[in-house]
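**Student:** This is the structure I have questions about; it appears just below.
The values are calculated or read from the model by the stated rules, or taken from the named source; none is laboratory data. Please read all numbers here as calculations on a predicted model, not as lab measurements. Reconstructed Cβ throughout: ideal geometry from the backbone, glycine too, with neighbour counts over all protein chains shown. Protein only, heavy atoms only, side chains kept; ligands, DNA and RNA dropped before computing areas. Shrake-Rupley method; radii C 1.70, N 1.55, O 1.52, S 1.80 Å.
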Amino acid sequence: MSAAREARLPPATLDAIEAEAWTLLEAGGRSFRAPFHSGQIASIGADGPNVRTVILRGADAAGRRIWCHTDRRSPKFAELAADPRVAWTLYDEGSRLQFRAWGHARLHHDDAVADERWAATVLNSRRVYQVQDAPGSTSAVPTAGTPPELDDSRWTIDFSERGRAHFAVVETVVHRLEALYLHHAGHRRASFRYGADGHRTAADWRVP
Ligand SMILES: Cc1cc2nc3c(=O)[nH]c(=O)nc-3n(C[C@H](O)[C@H](O)[C@H](O)COP(=O)(O)O)c2cc1C
């Protein structure tokens, strides 16, 4: 088995697991090369749960928060505006480690948080915010949704600013975090709860 696929040995203590979890989430939020750079985020829609893959755009261990970016016209944005309860799952196949997080979403669109994150967004990531019709709209033809004038010669940082109106940041304030380590010597599962100010209110081992 290659080293990359070697299952991660679970740390021995709850404190060590929690520290590792937040370190890995912060690293995943910083780099597309790191594990946990993407995960799934679930919201509650009119017809029930809705889950989809997103890029983890940041994590803050001290504040117990994780972030993703989205189009403000997307169904997920409307769902989270109507019901901010949100759940995440992130899995790294290399280390066979899963994180689950539950919390509430704070949506940023017309504020300094969104401005700051938009300014830090690289040109290529801005392309998706150019779609003319809302994500999920029907189309009579196969389409990327971007305007016809958006060819590579026009794709400049100035042009990309048109996407700012559609850009939104989903900040998840984490109330509960779970780590599951799959390991041949015995799986390990640990659960952590956080109060409104981010301080830890509980830490427990769970039966995997
Ligand atoms: C690898 C991958 C990464 C994605 N990252 C994002 C993302 O960061 N933000 C986002 O809104 N959608 C992202 N998507 C698309 C979503 O999974 C989803 O299809 C889209 O946002 C529509 O979701 P909604 O209709 O529930 O709002 C990603 C999809 C994949 C496959």
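**Student:** Simple spin-label model, 7 Å along Cα-to-Cβ: E116 to Q40 in nm?
**Tutor:** Label at E116, label at Q40, 3.2 nm between them.
**Student:** Sticking with this structure for a sec: In deg cm²/dmol and to the nearest 500, what is the mean residue ellipticity at 222 nm of the chain if only DSSP H runs of at least 4 residues count, each as -39500 (n - 2.57), divided by the residue total?
**Tutor:** So the helix-based figure for the chain works out to -5000 deg cm²/dmol.
**Student:** Let me ask you something else. On the full set of protein chains, 1.4 Å probe, figure out the accessible area of V170 and give it in Å² to the nearest 10.
**Tutor:** 0 Å²
**Student:** May I ask you to compute the full-extension gain from T13 to D158, defined as 0.36 nm times their residue separation minus their alpha-carbon distance, rounded to one decimal in nm?
**Tutor:** On the way: separation 145, 0.36 × 145 = 52.20 nm, distance 5.01 nm.
The span from T13 to D158 would gain 47.2 nm if fully extended.
**Student:** Given N residues in segment 1-72, what is its alpha carbon radius of gyration divided by 2.2 N^0.38 Å?
**Tutor:** Rg over 2.2 N^0.38 Å, computed on Cα atoms: 1.32.
**Student:** Separate question: In nanometres, what is the gap between the two model label sites at R33 and E149, each 7 Å from Cα along Cα-to-Cβ?
**Tutor:** According to this spin-label approximation, the distance is 3.9 nm.
**Student:** Would you work out which of Q98, P148, S43 lies farthest towards the positive end of the dipole of the chain, given +1 charges on the beta-carbon of Lys and Arg and -1 on that of Asp and Glu, about the Cα centre?
**Tutor:** Result: Q98.
**Student:** Counting only protein chains, not ligands or nucleic acids, how are L107, L24 ordered by accessible area (probe 1.4 Å), most first?
**Tutor:** Per-residue accessible area, sorted high to low, gives L107, L24.
**Student:** Right, here's the next one. For a protection proxy built on the mean count of beta-carbon atoms within 10 angstrom, sort 9-22, 90-103 highest first, please.
**Tutor:** 90-103, 9-22
**Student:** From the residues W118, T172, T70, which one has its Cα farthest along the dipole of the chain in the positive direction, the dipole being from +1 and -1 charges on Cβ of Lys/Arg and Asp/Glu about the Cα centre?
**Tutor:** Sorting the options by dipole projection puts first T172.
**Student:** Averaging sequence separations of C-alpha pairs under 8 Å and six or more residues apart, then dividing by the length of the chain, give the relative contact order as a whole percent.
**Tutor:** Reported relative contact order: 23 percent.
**Student:** Mind checking the log10 I(q)/I(0) for segment 71-191 at q = 0.22 Å⁻¹? Debye, one equal scatterer per Cα, no solvent, two decimals.
**Tutor:** Normalising to I(0) and taking log10 leaves -1.18.
**Student:** Another question, if that's okay. Using a simple charge model, +1 on the beta-carbon of Lys and Arg, -1 on the beta-carbon of Asp and Glu, nothing else, what dipole does the chain show about its Cα centre, in debye to the nearest 20?
**Tutor:** Dipole of the chain, to the nearest 20 debye: 540 debye.
**Student:** Can you work out D for the chain in µm² s⁻¹ from Stokes-Einstein, where Rh is the Kirkwood radius over C-alpha pairs, the temperature is 4 °C and the viscosity is 1.567 mPa s?
**Tutor:** Answer from the Stokes-Einstein relation: 70 µm²/s.
**Student:** Using per-residue counts of other Cβ atoms within 10 Å, averaged over each peptide, order 176-189, 71-84 from highest down.
**Tutor:** Numbers: 176-189: 16.7, 71-84: 18.2.
Result, highest mean Cβ count within 10 Å first: 71-84, 176-189.
**Student:** Can you give the extra length, in nm with one decimal, that the chain gains between H183 and R206 once fully stretched, where that is 0.36 nm per residue apart less the Cα-Cα distance?
**Tutor:** Using 0.36 nm per residue and subtracting the Cα-Cα distance, I get 6.8 nm.
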